[in-house]
Amino acid sequence: MRPTVIASGPTQLAERAGVPVPFVERLVELGIVTPAEDGTFSDADVYRVRFVRSSDRGGLSVEAIARAIHEGRFSLAFLDGTQFRWASLSPRTYAEVAEDVGVSLEFVLAFEEALGKVRPAPDDPAPSDLEALLEAPRVALDAGVVDDRTHLRLIGVYAEALRRIAETEGDVFHRLIEVPRLEAGLTHGEMLEVVNRIGAELAPGMEKLVLGIYRRQQERVWTDDGVQHMESAIEAMGLYERPERPTAFAFLDLTGYTRLTDERGDEAAAGLAADLTELVHGEVVRRDGKAVKWLGDGVMFSFRDPAAAVLATMEVGRRTRDVGLPPAHAGIAVGPVIFQDGDYYGRTVNLAARLAGFAKPGQTLVDAEVVRLAGERDDIGFRELGAVPLKGMMRPVEVFEALRRDIS
């Protein structure tokens, strides 16, 4: 794929790259950027200019970069790859885009901040993809679905999640693709030429993968929401019936897992996950339960017997510290669930998750139905904590802490 002509001369190239015209003229003089025979520049040249500008600001002089290129130590040819086609600056300002799209200028500037950019000025040139990015927010705002603040918070969540994906991709690509080739004796320029071909093949598939995973998660969340509304409607009609022996679901999370893995790294995280897996299988399977979903920092179990769910969950929580894991907190609920495409949906699952989220380190919390079905036992006791408002629950929930009794 040939680079697209995007600038008729140095002035227009500077506008698209967001740099002073003399900077572009200097790059042309040094041979870092070369116009076509008709004097035009391509979209690839926009990224070359921006790349060198960032490097120059980081302390690498354009003269040193030019020398590395001319001596064959480095090349900017990798930027010809189609995977490097990010948004250039457009001729329109933020104020003009806001007016054209039909959203407030304040929202547009805050939108860029939510994406992690320094707040631009109204008259700054806007990125060429901005109008497309604002399409969904405009529809939602026009429909009154969300207010500005809520939508900007949602955009911030998108940006943070995708930033972590991009950073992890970059780390894996560097460690497993770039470094081995440098260690094999390739120069940086040769290495970039080789891995650029790999990147060009990977990029389309990676974009499909990210979107596909998002759609899978969206299906799960939207299905769950629909199931909860259906349950509420049936309950309001007086038709809600609990099964005679409903399934018990438990969620167990490790306290401070994210902070711990950030401090220790991915290898430590994998080790913690393996330790948790071994511990869970030992306790849960022994009590005729099963781990139905792994959540990174925790696990979801199901049991036919609510008492077994309580005993197994408390035992897993008790033993986490014995094997070097962070302390656990857990929640258990019983009731009907809907199973679809390998996942469970409904109020019972959500209640167990909410109880786990409300629990303190070392606690296992249950609802009144678990207490009723577990019955009077010598090895389990329950301490009433009262009615607690839990997120997503229509009414406060009677919560109990499960306690292990010493029967020795």
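Here, each number is a calculation from the coordinates, and none is a lab measurement. As the structure is a computational prediction, the values presented were derived from the model and not from experiment. In this analysis, Cβ positions are derived from the backbone assuming ideal geometry, glycine residues included, and neighbour counts consider all displayed protein chains.
Here are the numbers for this structure:
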{"quantity": "Pairs of Lys in the chain closer than 27 Å at Cα, counting only those 8 or more apart or on different chains", "calculated": "7"}
{"quantity": "Residue order, fewest to most surrounding Cβ atoms within 10 angstrom, among Val24, Val179, Val280, Val62", "calculated": "Val179, Val62, Val280, Val24"}
{"quantity": "Region 5-84 - Rg (one decimal) and Dmax (whole number), Cα, Å", "calculated": "11.7, 33"}
{"quantity": "Neighbour cut-off at most 14 other Cβ (10 Å), DSSP loop, trypsin sites (Lys or Arg not before Pro), region 26-114", "calculated": "Arg73"}
{"quantity": "Options (1) 37, 33, 20; (2) 30, 24, 20; (3) 55, 28, 17 - which one matches semi-axes √(5λ) of the Cα gyration tensor in Å as calculated here", "calculated": "(3)"}
{"quantity": "With Cα atoms, 0 to 90° folded angle of helix 21-30 axis to the chain main axis", "calculated": "70"}
{"quantity": "10 Å binning of all Cα-Cα separations within region 248-404, expressed as whole percents from 0 upward", "calculated": "11, 43, 34, 11, 0"}
{"quantity": "Percentage of interatomic Cα-Cα distances in region 98-199 larger than 20 Å", "calculated": "54"}
{"quantity": "³J(HN,Hα) computed for each position of region 194-204 - Karplus, 6.51 cos²θ - 1.76 cosθ + 1.60, integer Hz, glycine/proline x", "calculated": "5, 6, 5, 5, 5, x, 5, 6, 6, 3, x"}
{"quantity": "Loop GluC sites (Glu not before Pro), region 275-384 (other Cβ atoms within 10 Å of the site Cβ: 12 or fewer; DSSP)", "calculated": "Glu376"}
{"quantity": "Spin-label model distance (nm) - Gln83 vs Arg321, 7 Å beyond Cα toward Cβ", "calculated": "4.7"}
{"quantity": "Amide proton proximity set for Arg92, modelled H, under 5 Å, gap of 5+", "calculated": "Ala126"}
{"quantity": "Amide H within-cut-off set for Thr255, under 5 Å, with H built and near neighbours excluded", "calculated": "Ala328, His329"}
